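Colleague: After the structure tokens below, expect a handful of questions from me.
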Amino acid sequence: MKRLFQRHENQGHNSDAALDELLGTVNEQLLTRLTTGLDLDAGLAAILPDGGGDWTQPQPSEPGSSGASVATDGPAPRATALDLVAALLDGWLATLAPLASPATRPPDGVGASVMSLAAVCRLIAQLHHGLIMRMLDRPSADRLARLVEHNLDEAIRLMSGEQRAARKQRARDQIGDWLAQLREIRQDMDDLRPRIARLFDDSDQTTDPRPRVPR
Amino acid sequence: MDFAACYRAEMPALVRHVMYHGAAEQEAYDAAQSAFEHAYQVWETIRNPRAWLRTVAVRAYYRSAVRPETPTDSLPEQTSEVSATVGAEDLEQERAVLAGLAALPVKQRQVMAWHFDGFAPAEIAQALDIDPAAVRQNLLKARRNLKQLLGIAGREGR
């Protein structure tokens, strides 16, 4: 890799300039390649109802029907309880999934806890998908939520042990950062099961399990 | 900005942003497209489309990445048409930088991805819900780590 970037090192007299040049080049290069390679007309036509003609204001959608995430702009004005639960799960996943990703190098000393963390992510994704697609009934949703809690507790327990056993202070600090994120999410999770249960309050699941989550 | 104009202007950069989070090109495209599909439904309520799209697209990527039924081994290969537009060295550089970003700790990778897209530390802090000082600190650490990972550390880094 060093050979590859020799010219960047030689052109600048310090490494910051070389890094900026390299990152700037790759950033532009990638954008150009994607701009050239992507069929934007086809992508747009797949979204717009008129197939990509003049853009018109979208029709108001049924709340929660798109499974859209509440993002940086906060909840949409007509966000339903389901939207809010979905956004909550989405937010946790956005924090936890990068930690559990095989592409992420965990701090030294972290081992088995990542397995539990990966299980938490899978379960959250499953719960999120099941709720927004209305594929879960109340007991199944509650069971998934309990499994999420259980696996997160397990991940925290294992990671705490790994932190204590870590040899270097730097690794202990890094594991501490991860643990802080996990504990914060675990705390926010306390009212998850009641919130999920309330989603089903209006459905009579004993006579007809469909729709599983009130629309 | 209307939706179609935003799509044309932002889609490639959005795909690139998701790639900086570790996604393969096709995964990044799917996540970006899914974010625009959601955006279309709530377009009038979005105040900052660039930040909104990035947050939603990255979340869509993470969801698809951990969903067990996602067939990760059947993703299409990069098309030869696209590969042919860039030189081998450029492609190698690109892969090396993406690999370098993937090797960074999570927060540093996230901060770098937003930084690459021209967001200021205060905006990044808001999007990632962290302190602006933590953004600056993570940027510094990410740069230092990237220099090492890419083998371009100067004298001061040794």
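Bear in mind that the values in this text are calculations on the coordinates, not laboratory data. No experiment lies behind these values; they were computed from the predicted model shown. Here the Cβ is made from the backbone with ideal geometry for all residues, glycine too, and neighbour counts use every protein chain on show.
Colleague: Of the peptides B:56-66, B:136-146, how do they stack up when ordered by the mean number of other Cβ atoms within 10 Å, highest first?
Modeller: B:56-66, B:136-146
Colleague: Per residue of A:173-184, how many C-beta atoms from partner chains lie within 10 Å of its own C-beta, taken as a mean?
Modeller: What the average comes to for A:173-184 is 1.
Colleague: Another one. Quantify how strongly other chains surround peptide B:32-43 by giving the mean number of their Cβ atoms within 10 Å of each of its Cβ atoms.
Modeller: Counting Cβ atoms of other protein chains within 10 Å of each residue's Cβ and averaging gives 6.
Colleague: For peptide A:99-112, what's the mean number of Cβ atoms from other chains within 10 Å of each residue's Cβ?
Modeller: So the per-residue partner count for this stretch is 3.
Colleague: When ranked by the protection proxy of mean other Cβ atoms within 10 Å per residue, highest first, what sequence do the peptides A:135-147, B:14-26 form?
Modeller: Peptide ranking by packing, descending: B:14-26, A:135-147.
Colleague: Follow-up question, since we're still on this one. Tabulate in residue order the Karplus-calculated ³J(HN,Hα) for the range A:177-184, using 6.51 cos²θ - 1.76 cosθ + 1.60 with θ = phi - 60°, rounded to whole Hz; enter x for Gly and Pro.
Modeller: Listing the rounded values in order: 4, 4, 4, 4, 5, 5, 5, 4 Hz.
Colleague: Report relative contact order for the range A:81-199 in percent, whole number only (criteria: Cα-Cα under 8 Å, sequence separation at least 6).
Modeller: RCO, the range A:81-199: 33 percent.
Colleague: Still on this structure: Go through the range A:25-39 residue by residue and turn each phi into a ³J(HN,Hα) via Karplus (6.51, -1.76, 1.60, θ = phi - 60°); whole Hz please, and just put x for glycine and proline.
Modeller: 5, 5, 4, 5, 4, 5, 5, 4, 5, 5, 4, 6, x, 7, 8
Colleague: Please list A:165-174, A:110-119 highest first by mean number of surrounding beta-carbon atoms within 10 Å per residue.
Modeller: Highest mean packing first, the order is A:110-119, A:165-174.
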